[in-house]
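*Asks:* Structure incoming, see below.
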Amino acid sequence: MENAYYIFFLLSLFVIFWGMVGYSLSIKFLGKVYKNKKISKNYSHQPTVTVMVVAHNEEKVINEKLNNIVNLVYPKDKIKFIVASDNSVDKTNDIVEQFILENPDKKIRLHKVKKRLGKTNAQNEAQKLVDTEFLVMTDANSILDCNSIKELMASFSSDEISYVAGRLDYLNEEEGSVSQSEGNYWSKELRIREIESRIQTITAGNGALYACRNSEYYDFEPLKSHDSNMPRYFALKGKKAICNHDAIAYEKAGEVITDEFKRKVRMNRRILINILPDLRILNIFKYKWYSYFYFGHRTCRYLLWISHLVLFVSNALLIFNSWIFTLTFIGQVAFYLLALLKALTKIENKYLNIVYYYSVTVIAQWVGVYNIITGKAKPFWEKAESTR
């Protein structure tokens with residue numbers, strides 16, 4: 001039985017290390033190996049585009065968003081706009097309709113989703129109304145750089161590229177410990193994705209800004225977000241999902257931990273399935289680097305919740321076998337106590353913030369698992385007011 005404890009300890013330790021440290025180090029190394037491999041752009045590629053904005057009760061930001069997208073730098077005869085209002089019950093629809101009346105020269109359409117089933121369902125419905133070659137999707141609270149559409153379209157330099165994600169920059173990264181922690185995490189994430197993109201394909205996008213060929217759009221079920229499912233869908237079809245970090249969207253990060261926690265819980269609403277959603281991913285001979293990317297970037301991270309529990313329990317059972325196990329157990333207890341200290345005292349300290357933010361991330365995974373098991377996982381969520 002003791003041998004089993006050793007195995008569980010080592011496996012869980014490996015998953016945590018590889019998901020949070022090892023994989024990112026390996027990607028940095030690969031980035032140096034493939035330093036001469038660049039993503040090509042073709043700025044003469046200017047197909048017809050529809051920019052889709054999904055909104056639910058976004059009266060605070062929707063007018064600014066509309067003014068933003070109609071002033072994007074792109075041939076006016078090749079760009080259209082559609083707002084998919086996901087059963088909004090505030091003034092969102094009124095504001096959009098008024099904007100359409102005041103801007104008759106802009107090709108803007110409002111689609112009202114009658115039953116709220118979340119962002120993905122709203123996108124599925126609105127996509128049926130799109131007749132352009134490409135579809136760009138963006139969140140209501142994201143402000144796009146004026147050249148973002150031009151950049152996204154330039155990235156579709158070959159038929160094998162089916163998805164392009166832009167870069168999300170946080171406007172308030174330095175305004176608080178929560179936004180700082182999220183900003184720091186996201187900066188590292190962007191560097192990893194840039195290298196994955198250059199080598200082959202990314203494992204996930206972001207909801208603030210991304211594009212796909214309209215003919216290749218797929219109706220995912222409402223619980224599945226495009227962020228994680230579109231890149232995987234195209235990768236398994238032998239296509240590429242890449243990122244262009246010159247296509248920029250600006251957004252506020254969550255400034256209070258409750259908002260950030262809710263967002264992370266929502267992100268984990270399908271965590272059990274996403275650990276290994278398709279056995280084909282393991283076929284490294286067919287999918288090459290993507291198999292490696294998904295295991296390190298997704299599978300290991302989606303296993304953090306259970307890995308920490310297994311590591312703690314197996315370590316406790318081995319604590320008297322060696323001074324090494326005694327030290328590692330003390331280290332784990334100290335780590336969680338530091339997170340608790342931060343939660344109770346709100347002390348501002350860089351290292352405490354990192355420990356606390358990481359712990360919140362793992363707890364959010366546990367809540368996501370609980371919601372799945374109890375049937376409480378939903379395709380929609382309440383927006384974070386601190387990001388508006």
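*Asks:* Classify region 40-163: rounded, prolate or oblate, from the alpha-carbon gyration tensor (a ≥ b ≥ c, eigenvalue square roots; a/c under 1.5 rounded; otherwise prolate if a/b is larger than b/c)? Numbers along the way, then the final one.
*Replies:* Details: a/c = 2.06, a/b = 1.55, b/c = 1.33.
The shape class here is prolate.
*Asks:* Are any of the pairs K76/K107; K188/K286; K80/K112 more than 20 Å apart by Cα-Cα distance, and if so, which? All intermediate terms of the calculation are to be shown ahead of the outcome.
*Replies:* Details: K76/K107 9 Å; K188/K286 28 Å; K80/K112 17 Å.
In this structure, K188/K286 lie more than 20 Å apart at Cα.
*Asks:* Would you mind checking the tilt of helix 257-267 against the longest principal axis of the Cα atoms of the chain, expressed as 0 to 90 degrees and rounded to 10?
*Replies:* So the inclination is approximately 80 degrees.
*Asks:* Turning to a different aspect of this structure: If you fit an axis through the alpha-carbon atoms of helix 2-17 and take the longest principal axis of the Cα set of the chain, what angle between them do you get, 0 to 90°, nearest 10?
*Replies:* Taking the Cα atoms of the chain, the angle to 2-17 is about 30 degrees.
*Asks:* Using modelled backbone amide H atoms (1.01 Å from N, in-plane), which distant-in-sequence or interchain residues come within less than 5 Å of I79's amide H?
*Replies:* Amide H neighbours of I79: V49.
*Asks:* Hey, what number do you get for the chain at 222 nm if only DSSP H runs of n ≥ 4 count, each worth -39500 (n - 2.57), divided across all residues, to the nearest 500? Write out the running numbers ahead of the final one.
*Replies:* Details: 15 runs with 184 residues, N = 388.
Per the formula, -15000 deg cm²/dmol.
*Asks:* Across bins of 10 angstrom width beginning at 0, how are the C-alpha pair distances of region 183-338 distributed, in whole percent?
*Replies:* Answer for region 183-338: a P(r) of 9, 31, 32, 19, 8, 1, 0 percent.
*Asks:* Could you work out the relative contact order of region 238-388? I mean the mean sequence separation of Cα pairs under 8 Å and 6+ apart, divided by the number of residues, in percent.
*Replies:* Working: 107 pairs, mean separation 61.5, N = 151.
Computed over region 238-388, the figure is 41 percent.
*Asks:* Using alpha-carbon positions, what is the distance between the centroids of region 341-361 and region 221-267, in Å?
*Replies:* If you average the Cα positions of each part, the centres end up 25 Å apart.
*Asks:* Out of region 77-162, which GluC sites (Glu not before Pro) are coil in DSSP terms and have no more than 14 other C-beta atoms within 10 Å?
*Replies:* Listed in order of number, the matching sites are E160.
*Asks:* When a/c reaches 1.5 or more, the comparison of a/b and b/c decides; with that in mind, is the chain rounded, prolate or oblate per its Cα gyration tensor?
*Replies:* Values: a/c = 2.04, a/b = 1.57, b/c = 1.30.
Prolate, since a/c reaches 1.5 and a/b exceeds b/c.
*Asks:* Here is a further query. Between Q98 and N349, with labels modelled 7 Å along Cα→Cβ, what's the label distance in nm to one decimal, could you check?
*Replies:* 5.1 nm
Taken together, the values in this text are just the output of simple stated rules run on the coordinates, not laboratory data. Quick caveat: nothing in here was measured; it's all calculated off a predicted structure. Heads up, the Cβs are rebuilt from the backbone with ideal geometry, glycines too, and the neighbour counts pull from every protein chain shown.
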